[in-house]
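Some notes on the structure that comes next.
Just so you know, all these numbers are worked out from the coordinates, no wet-lab data involved. It should be emphasised that the depicted structure is a prediction, and the values quoted were computed from it without experimental measurement. Cβ atoms come from the backbone with ideal geometry, glycine included; neighbour counts cover every protein chain shown.
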Amino acid sequence: MITHIDHVVLTVRDIDAAVAFYTEAIGMQAISFAGSRKALKFGTQKINLQTLGQETRNHAAIGSGDLCLITDWPIQDVIEHLREKDIALCEGPVQKSGAQGPITSVYFNDPDGNLIEVSRYD
């Protein structure tokens, strides 16, 4: 029945600050949709951004997101890039299990405290 994830939503304090972080730190593309809504596009997926209370059908909380993003960069290059952007790692590199098999991952937090995992398939 389900073939893939189209998008996820992160709840953030400041949409513009989140857009700046994700575009500058990890190279996502900022897009607008539904008038003035903002999202971050990468590959064939996107992350929609919302502020607390914007969506009343969920139980959103700032900083409760936990995403695993796949890279085609060597993990050491990801680590160096994050260091250049002054982004501290929480953990990694470590071996984990992804949806398609073993991955090597590094973890860091975005400005709102969401846990971001960048991984490469071994």
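Annotation for the stretch 67-122: trypsin sites (Lys or Arg not before Pro) lying in DSSP loop with at most 15 further Cβ atoms inside 10 Å of their Cβ are K85. Adding -39500 (n - 2.57) for every DSSP H run of four residues or longer, then dividing by how many residues the chain holds, sets the calculated 222 nm ellipticity at -5500 deg cm²/dmol.
Simple point charges give the picture: +1 on the Cβ of Lys and Arg, -1 on the Cβ of Asp and Glu, and for the chain a dipole about the Cα centre of about 400 debye. Farthest toward the positive end of the dipole of the stretch 1-107, out of A20, S105, A39, is the Cα of A39, where the dipole comes from beta carbon charges about the Cα centre. Computed 3J(HN,Hα) for the stretch 73-83, one whole-Hz value per residue from the Karplus formula 6.51 cos²θ - 1.76 cosθ + 1.60 where θ = phi - 60°, is 7, x, 4, 4, 5, 4, 4, 4, 4, 5, 4, glycine and proline marked x.
Report the full-extension gain for the segment V94 to F33: residue separation times 0.36 nm, less the Cα-Cα distance, to one decimal in nm.
Contour length minus the Cα-Cα distance gives 18.4 nm.
When S64, S105, S97 are sorted by how many other C-beta atoms sit within 10 angstrom of their C-beta, beginning with the fewest, the order is S97, S64, S105. Evaluating 6.51 cos²θ - 1.76 cosθ + 1.60 at θ = phi - 60° for every residue in the stretch 97-103, the Karplus couplings come out as 10, x, 4, 10, x, x, 9 Hz, glycine and proline recorded as x. The label point for D72 and the one for T56, both projected 7 Å from the Cα toward the Cβ, are 4.4 nm apart.
Residues whose amide H falls under 5 Å from that of I70, counting only those 5 or more places apart or on a different chain, are S119, with hydrogens built in the peptide plane. Residues D110, D14, D6, arranged from fewest to most other Cβ atoms within 10 angstrom of their Cβ, appear as D6, D14, D110.
Residue order for T11, T44, T51, T71, fewest other beta carbons within 10 angstrom first, comes to T44, T51, T71, T11.
Note on K85: lysines with a C-alpha under 21 Å away, same-chain residues under 8 apart excluded, are K41.
Expressed as a whole percent, the proportion of Cα-Cα pairs in the chain lying more than 26 Å apart is 20%.
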